[in-house]
Amino acid sequence: MGLFSRRSKQDDVVTPESAPAAEEDAAAPDTTAADTTADVAADTAGDATPVVNVSVQAFRGLGAPAGPEVAAPAPAPEAGHDLTAPGVEEAPTASAPSPSAPASSGRPPLPLAPADPPEQTESIPGMPDNVLLREALAMLGPDPSQAELLGVLRQSLQGNLFLRVSGDAGEQIREGKPLAVAVVNDGENSFMLAFSSAAAVRDSVQQGDEDPSETSAVVQPVQAVYQNVVQGPFAGLIIDNASEPHRVVFPSEILQKALEEADPTFAVKTLLATPRAADSEARVAEALTTARLWVAVSDVDGDGQYGVAEAHTPDGRRFLQLFSHPLEVIALGRGDQPLPFSAEQIGAVMVQQPGLDGVLIDAAGPAITVSRDALAPVIALAPAE
C-alpha cells in the first residue's frame, strides 16, 4: 500500500467537525489512500488577510475507537547481533539519495535537511510556527516523490500544530463542548485539517466562505493531534490545505505507525528542531536517558553479522549514530535497518568502545553531536560488568 494520497483541489469543502460532524460531501471523488503520490492543493489565497482569533487550549478528543494496525515500513533485524563490532563508517552528514532535481534553495533535497535547525518565527506574536515542518512542506513540488513525502513526515514529528476551529475555541472548551474542528469531507471519508503556522490558518480561512471573525484556532503538540486523528472518525490529516503545492495528506494508518514507533514525547526531535544554545548538548544528553531511540545496522560484509553505523570526521573522530525515529534511518537512503536501542545499550557501547568520541543524532538533519563528556548521564546507565 502506498503511504500517501492525491487529492484534487475541488475536493476541499471544509466543514467543522464536532461530535458528530455536520456532513458535507466534497465536490468530486477522491482517490484512495493506496495511491503513491502527494496531494495537490486548493486555490491561492486572496488579497485580504482575515483575522483569526487564536487561543491555546487543551484539545479534547473525539472519543472514537483506535485505528487499524499496519505493517512496519521496513523490517528490523532481530536483536542479538554483534552490536559492538566496528561500525559502518559514514561521513558525519549522510550523502543524499539521488534527487530527481537539485534543490533551488541550496539546501539539501528532501528527505534530507540542513544540519542546523531553522530560526524560529511567529506568524502571531507569542505563537511559534512549526518552522521545520513548514520548510519541509515548502520543498514539495506538484508531483513529489515518496522520499520527499517521507521527509515531510519525519520533520512533522516534533513541535506543535494549529487546528482550525469554527467558532470560539476557548468558549467551546470552557463550556465542555467538543471542538468544532475543521475537516474536509470526501464521500464517506473525513480528513482533519492542521497547519504549520497561524499564517497557514489564515490562508485556509481566505479560501472558504466562513466568516473570519467566527474562526479560531488551537495550538497543540503534534503527537496529540496525530492521536486524535488516529482515534477519531478520520481517514487522515491534511496539513496546510491552502498552500498549493506545499501541502500533504497523511492517512490515519501512516500516522498510527509513526506514533507506534516514536518516543511518546518526541523529546529528542523537538530539541533538535530548536536553535542551538550553550546547554543544548546537556539537554539532549539528559533526554537520551529516557527517550526511545534507534541505531542503523547493516550486514556490511555479508556474513550475517550486523554492525552499528558510525560517523567518522575528517580529523579522525568517531561518533555512534543514533536516531529519534526509524524514519530518520530510512531517510538516509543507505539501506540500513533501524533497530531499537536503549539508553543502557548506548552507555554500554560507550564503555566498551573507548575510541568513540560521542554520538551523532539524526544525521539526515537537523542533527547534533553530543560529546563523550556530555554523555555522562547516559554512560552512568551502562550495566555493571
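Averaging sequence separations of C-alpha pairs under 8 Å and six or more residues apart, then dividing by the length of the range 179-257, give the relative contact order as a whole percent.
Once divided by the residue count of the range 179-257, the mean separation gives 32 percent.
Starting from the 7 Å offset along Cα-to-Cβ, what nm value, one decimal, do you get for the label separation of residue 385 and residue 168?
A separation of 6.7 nm, rounded to one decimal place.
Please report, to two decimal places, log10 I(q)/I(0) for the range 267-379 at q = 0.14, 0.17, 0.18 Å⁻¹ as given by the Debye formula with identical point scatterers on the Cα atoms and no solvent.
One equal scatterer on each Cα of the range 267-379 leads to -0.52, -0.78, -0.88.
Take residue 352 and residue 289, extend 7 Å from each Cα along the Cα→Cβ direction, and tell me the distance between the two endpoints in nm.
2.3 nm
Assuming a ≥ b ≥ c are the square roots of the Cα gyration tensor eigenvalues, decide whether the range 227-306 counts as rounded (a/c under 1.5), prolate (otherwise, with a/b larger than b/c) or oblate.
Judged from the Cα gyration tensor, the range 227-306 comes out oblate (a/c at least 1.5, b/c at or above a/b).
Compare the peptides 352-360, 108-116 by average per-residue count of other Cβ atoms within 10 angstrom and give them in order, highest first.
Per-residue Cβ counts within 10 Å, averaged per peptide and sorted highest first, yield 108-116, 352-360.
Taking the number of other C-beta atoms within 10 Å as the exposure measure, put 119, 328, 135 in order starting with the fewest.
Ascending Cβ contact count within 10 Å gives the list 119, 135, 328.
Tabulate in residue order the Karplus-calculated ³J(HN,Hα) for the range 115-129, using 6.51 cos²θ - 1.76 cosθ + 1.60 with θ = phi - 60°, rounded to whole Hz; enter x for Gly and Pro.
5, 8, x, x, 5, 6, 10, 9, 5, 10, x, x, 10, x, 6
Residue separation times 0.36 nm, minus the C-alpha to C-alpha distance between residue 107 and residue 175: what's the value?
Result for the pair: 19.8 nm of gain on full extension.
Could you pull out which residues in the range 158-200 have an amide N less than 12 Å from a spot 7 Å beyond the Cα of residue 211, following the Cα-Cβ vector?
The answer is 167-168, whose backbone nitrogens lie closer than 12 Å to the label point.
Computed FRET efficiency, Cβ-Cβ of residue 303 and residue 282, R0 51 Å: what is it to the nearest 0.05?
Efficiency, rounded to the nearest 0.05: 0.80.
Each reported figure results from applying straightforward, stated rules to the coordinates on display, with no laboratory input. Because the structure is predicted, anything quoted here is derived from the model rather than measured. Neighbour counts run over all protein chains shown; Cβ positions are idealised from the backbone, glycine included.
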